[in-house]
Amino acid sequence: MATVNGDNTEIRNKISQRPKDKIDQTIGLIARMKGEMAKALPMHLKRNAERYARIAMTLIRENPALASCDAYSLLGALMTGTALGLDPSPQLGQFYIVPYGRKAVFILGYKGLIDLAFRSDRIATIFATEVYETDEFDYSYGLEQKLVHKPSGLADPGKITHYYAVVKFTNGGYVFHVMTDEQVQAYGRKYSPSYFKKDSPWQTNPVAMGKKTVIRQLAKYMPLSPEMSYAIARDESVVSEGLEEIKDEKDVIDVMPEYPAADEESESEESPEAQGQEG
């Protein structure tokens, strides 16, 4: 990964020349950077740069708090998600940009996590779901693992009690992980700086965040794609490293990620493929 050194006078001058209105300032910055965003996108998504920029501008207009965020953290969150090949539209739920104080936080969504997981050629299928209090649900770990879930089918199934995630590998092995709803919420309160923010997906889409959380825990035992490793490391964080040292707009591309090798990420835990679970 290239390290950008030198002063950033030129880009700061461009920012200072923007209109006084903060929303217009931030929208103007996004508009000027869409060419660099296109360079950061995967080849098959480069044509979407214009649309991604428009989505970001709409988000800023709809949520003025984003315009008050540090411009570099906002750009960092946007370009981190799009460089991973994820769509910034909140309706798709692949990633979110949430204001936290004066910083913009990159939050990986459940659907984005699923998309990244499938980029590993060793994963055949992966999913997560919620369990309601009226469902039939039973599980056990150990040598005789089992997972039984029969939804009640009721129009009002009651409260969510658990979330679980399952991954099946191309060699037939599988592994699953279960969390109670209390464990999921405790995780969010502890690790998400935006958990209590009203515009955080933890508040606007709590079920999707519950599914994402249980998959994140399952990921400790999965062979991860390089993109997924990077996204998990950046999740729920302020991404502005390097952007603050840009001396020219063309250098934005140089601070985008070089992903680690997928095998390096998974060697710290015993691979579930080696556990001999048969699906």
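A compact table of results
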{"read-out": "Criterion violated by Pro193 - all others in (1) touching a Phe, Trp or Tyr at 6+ places or on another chain (Cβ under 7 Å); (2) under 29 Å from Ala124 (Cβ atoms) satisfied", "value": "(2)"}
{"read-out": "Leading residue by the ranking (nearest to the chain's Cα centre (by Cα)) among those in segment 124-183 that are β-branched (Val, Ile, Thr) and within 21 Å of Trp202 (Cα to Cα)", "value": "Thr129"}
{"read-out": "Segment 112-123, residues that are of a type outside the set (S, T, N, Q) and surrounded by 16 or more Cβ atoms within 10 Å (Cβ to Cβ)", "value": "Gly112, Leu113, Ile114, Asp115, Leu116, Ala117, Arg122, Ile123"}
{"read-out": "Among the residues listed as Ile23, Ile60, the single one being of a type in the set (Val, Ile, Thr), closer than 16 Å to Ala104 by Cα and modelled with pLDDT of 80 or more", "value": "Ile60"}
{"read-out": "Residues that are over 8 Å from the mean Cα position of the chain (by Cα) and hydroxyl-bearing (Ser, Thr, Tyr), drawn from segment 105-121", "value": "Ser120"}
{"read-out": "Residues of segment 132-146 that turn out to be modelled with pLDDT under 95 and surrounded by 13 or more Cβ atoms within 10 Å (Cβ to Cβ), as a count", "value": "1"}
{"read-out": "Residue that is modelled with the lowest pLDDT [pool: residues in segment 158-210 that are part of a loop (DSSP other than H, G, I, E, B) and crowded, with 20+ Cβ neighbours inside 10 Å]", "value": "Ser194"}
{"read-out": "Residue list for segment 96-126, filter: over 30 Å from Gly76 (Cβ atoms) and either of a type in the set (A, V, I, L, M, F, W, C) or in contact with a Phe, Trp or Tyr (Cβ under 7 Å, 6 or more places away or on another chain) (or both)", "value": "Arg122, Ala124"}
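One line per residue, one yes/no per condition, for (1) more than 23 Å from the chain's Cα centre (by Cα); (2) of a type in the set (Gly, Ala, Ser); (3) modelled with pLDDT of 85 or more; (4) surrounded by 16 or more Cβ atoms within 10 Å (Cβ to Cβ):
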{"position": "Gln17", "(1), (2), (3), (4)": "yes, no, no, no"}
{"position": "Met37", "(1), (2), (3), (4)": "no, no, no, yes"}
{"position": "Ile55", "(1), (2), (3), (4)": "no, no, yes, yes"}
{"position": "Ala77", "(1), (2), (3), (4)": "no, yes, yes, yes"}
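The values are calculated or read from the model by the stated rules, or taken from the named source; none is laboratory data. What you are looking at is a predicted structure, and each value in this text was computed from that prediction instead of being measured. In this analysis, Cβ positions are derived from the backbone assuming ideal geometry, glycine residues included, and neighbour counts consider all displayed protein chains.
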